[in-house]
Amino acid sequence: MGVLSCDICGEELVIGHHPQLANQGIAEEQSCWLERESAKDHERQKKHAERIELPDAASLRWKDSGPYKRPA
């Protein structure tokens, strides 16, 4: 779907979807999530994981909606 570059170290992070399930809107939301997670890695002085499972659309909405909502 696309390649994201870590703002801090420049490492390239790839977002991939199965071709039959590709969704550009979700990929954009996942890239925002991945930017936040990569910044947290640097705060914790951790290396970026070689592979990470990206959240789906329902999880992305839940994580940004406040502490009391749950995925549908």
What percent of all Cα-Cα pairs in the range 2-63 falls into each 10 Å bin, going from 0 up to the bin containing the maximum distance? 20, 54, 24, 2
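Which GluC sites (Glu not before Pro) from the range 2-52 combine a DSSP loop assignment with at most 16 other Cβ atoms within 10 Å?
Here the GluC sites (Glu not before Pro) that fit, given the DSSP loop and packing criteria, are Glu11, Glu50.
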Would you please name the trypsin sites (Lys or Arg not before Pro) within the range 3-66 that are DSSP coil residues with at most 13 other C-beta atoms within 10 Å of their C-beta? Arg44, Lys46, Lys47, Arg51
Dipole of the range 2-63 [Lys/Arg +1, Asp/Glu -1 at C-beta], most positive-end residue of Gln24, Ser59, Val3: Ser59
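Every number in this text was worked out from the coordinates using simple rules, so none of it is lab data. If you're wondering where the values come from, they're calculated on a predicted model, not measured in any experiment. Don't worry about glycine lacking a Cβ; one is built from the backbone with ideal geometry, like all the others, and counts go over all protein chains shown.
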